[in-house]
Amino acid sequence: MNIQALLNDKVAAAMRIAGAPEGSPAAVRQSAKPLFGDYQANGIMAVAKKQGCNPRDFAQKVLDVLDLEGMASKTEIAGPGFINIFLDETWLETQAEKALKDPRLGVNLAEKQTIVVDYSGPNVAKEMHVGHLRSTVIGDAVVRTLAFLGHHVIRANHLGDWGTQFGMLIANLEEHETKGTDISMDLRDIEGFYRESKKRYDDDETFAKKAREYVVRLQGGSPYCKEKWHTLVQITLEQTQRNYDRLNVSLTDKDVMGESMYNPMLSEIVTDLKNKGIAVESEGALVVFLDEFKNKDGDPMGVIVQKRDGGFLYTTTDIACAKYRYETLHADRILYFIDSRQHQHLLQAWSIVRKAGYVPDTVSLEHHAFGMMLGKDGRPFKTRTGGTVRLVDLLDEAQIRAKKLIETKNPALCEDEKNNIAETVAMGAVKYADLSKHRTTDYIFDWDNMLAFEGNTAPYMQYAYTRITSIFNKAHLDKNTLDGKIKISHEKEKALICKLLQFEEAILGVSREGQPHILCSYLFELAGEFSSFYEKCPVLNAENEIKQSRLKLAALTANTIQQGLDLLGIKTLERM
Ligand code: ARG
């Protein structure tokens, strides 16, 4: 149920009949105050101004032909020419009843698109760090939301699995293997292995020479180097998968489309760019000069697509990658969840992609950028000694803190249950803290805030859900098989129903803007609306018909919170 879209269509149609030009937006929004109704149409004034007529007169003409059959109980002209719309109670009751019966909670399927979502993208032989956390968590929430709307979603994990660093990694792996130690043990600290390889490369010329040779052999497709490369990729993926599983992130091995996958396509692309006159030779390298990007001297910026030594770059790969996603995966929309420092890189790659005609303008290439993760001091998030924080360590700490919290809150629970709750709360808290912020800003990582049971946090939302289910447990009722009818008898019930029916609007916001905080805010408001309802409207102690109706509203609220959190990749608990 998308009330906003429904009203928009109806008001826009009435505006057309009243003489507005084709396509004039009705601009229907949720009202800021109950006094202004439940929704308000804001588009009248702009049209009246263009037509040179009095906005209130024009609003009247619109009202004369506006047909909201049973949907609204009252409409009125307000201020300079707004139309306030008050939804009809019987209509709301029917819609709420339908939502409760529907496993989709009344959320319509969208017109199906194929949407590629590029997210997570860790690097081989590098531990995932907190910077990858944002991409992974935000991307996965958007993926789940798009899938729920019925889209064909293709998760693309752009693994950093190619590049000259593999020469030294392979050479070092070979040394470890000749030593006969257990490789899987040696690679447990994969980042340490990376550092060790780098050190060998810097210190030992024979090693460095071999490493460079291996780069060439790997690129030439040598089975020996390929096999070693594969070992490194596999070990990284196993470690990464543990983080994904722990965080309830839906990525698997099947979603890996790493940089190496595009490597065989690069030389053909570069030749094509050259033939099309887009790339030109400059000091031995192949370069695309982009007028829309200026360098320091105000000249068109040169983007290298092939180095003098024949090597390709990160940008070349992203050109091939966008092309592949359109040509082979048939994407209608391509979303990239990558930190904002890569914005220029992406714009350059896409600019070349458009010039070469690899992806038509009808297919959107969207950079959903996000800022950095900062510590409480406002500086980049680092360990006490100044190193990058490993994701595993961060998740471990979250779990320890959550456990302490549960111990004080609910000491009577058995150990297993405490651990389970701690894990659910901890992972929820880490994710929700990130998801609930406006994505593009830098975000301050603060344990106390994210684990608080008050405010817009995961524990608060998880607890809101548990509190509602406990109403049913107390009364030995199953929230999925309730009798009776939803009947509004109090203004708080009406407000709660209105909020419940705005679930689809929130979901569509996430889908459109790639901003999960829209859904977080919605769920937080919903929980608040439920609290004020619960405060004013007794449920179990109400007389029968009212009690049944209120139980149904409680059930719909619980289901909506649970579904909403599930779209964010956050689990709920029956007890906490
Ligand atoms: N591996 C990259 C990094 O760690 C992220 C990949 C982003 N995706 C892309 N298509 N470039 O920064």
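We did not get these values from a lab; they are worked out from the coordinates using the rules stated. Here the structure is a predicted model, which is why all the values come from computation and not from measurement. For neighbour counting, all protein chains shown are included, and Cβ atoms are generated from backbone atoms with ideal geometry for every residue, glycine included.
Between the stretch 476-523 and the stretch 324-352, what is the separation of their alpha carbon centroids in Å?
The two parts, judged by their Cα centres, are 34 Å apart.
Distance cut-off 32 Å, Cα to Cα: go down the list Lys126/Lys307; Lys294/Lys382; Lys403/Lys492; Lys382/Lys403 and report the pairs above it.
Lys294/Lys382; Lys403/Lys492
Give the lysines whose C-alpha is closer than 20 Å to that of Lys49, dropping any in the same chain fewer than 8 places away, or say none.
By straight Cα distance, Lys49 reaches Lys61.
Can you compute 3J(HN,Hα) from phi for each residue in the stretch 149-160, using the Karplus curve 6.51 cos²θ - 1.76 cosθ + 1.60 with θ = phi - 60°, rounded to whole Hz and x for Gly and Pro?
So the Karplus estimates, Gly and Pro as x, are 6, x, 6, 8, 9, 10, 7, 10, 8, 7, 4, x Hz.
³J(HN,Hα) across the stretch 261-274 via Karplus (A = 6.51, B = -1.76, C = 1.60, θ = phi - 60°), whole Hz, x for Gly/Pro?
4, 8, 3, x, 8, 5, 5, 5, 5, 5, 4, 4, 4, 5
Hey, what angle do you get for helix 55-65 against the long axis of the chain, alpha-carbon based, 0 to 90 degrees rounded to 10?
Tilt relative to the chain: about 80 degrees.
Considering only C-alpha atoms, what is the centroid distance from the stretch 543-563 to the stretch 50-75, in Å?
35 Å
Could you pull out every one of the lysines with an alpha carbon less than 26 Å from that of Lys494, ignoring same-chain neighbours closer than 8 positions?
Lys10, Lys33, Lys74, Lys98, Lys101, Lys474, Lys479, Lys485, Lys536, Lys547, Lys552
Enumerate the aspartates and glutamates that Lys50 could reach by cross-link, defined here as Cα to Cα under 14 Å, with residues fewer than 8 away along the same chain left out.
Glu22
Can you show me the helix-derived [θ] at 222 nm for the chain, built from DSSP H runs with n ≥ 4 at -39,500 (n - 2.57) apiece and divided by the number of residues, rounded to the nearest 500.
-17000 deg cm²/dmol
If we sort 89-98, 545-554 on the protection proxy, mean other Cβ atoms within 10 Å, highest first, what's the order?
545-554, 89-98
May I have the pair-distance distribution P(r) for the stretch 70-193, computed from all Cα-Cα distances with 5 Å bins from 0 and rounded to whole percent?
2, 8, 10, 10, 9, 9, 9, 9, 7, 6, 4, 4, 4, 4, 3, 1, 0
Ranked highest first by average number of other Cβ atoms within 10 Å, how do 214-221, 512-519, 434-441, 358-365 line up?
Highest to lowest by the protection proxy: 512-519, 434-441, 214-221, 358-365.
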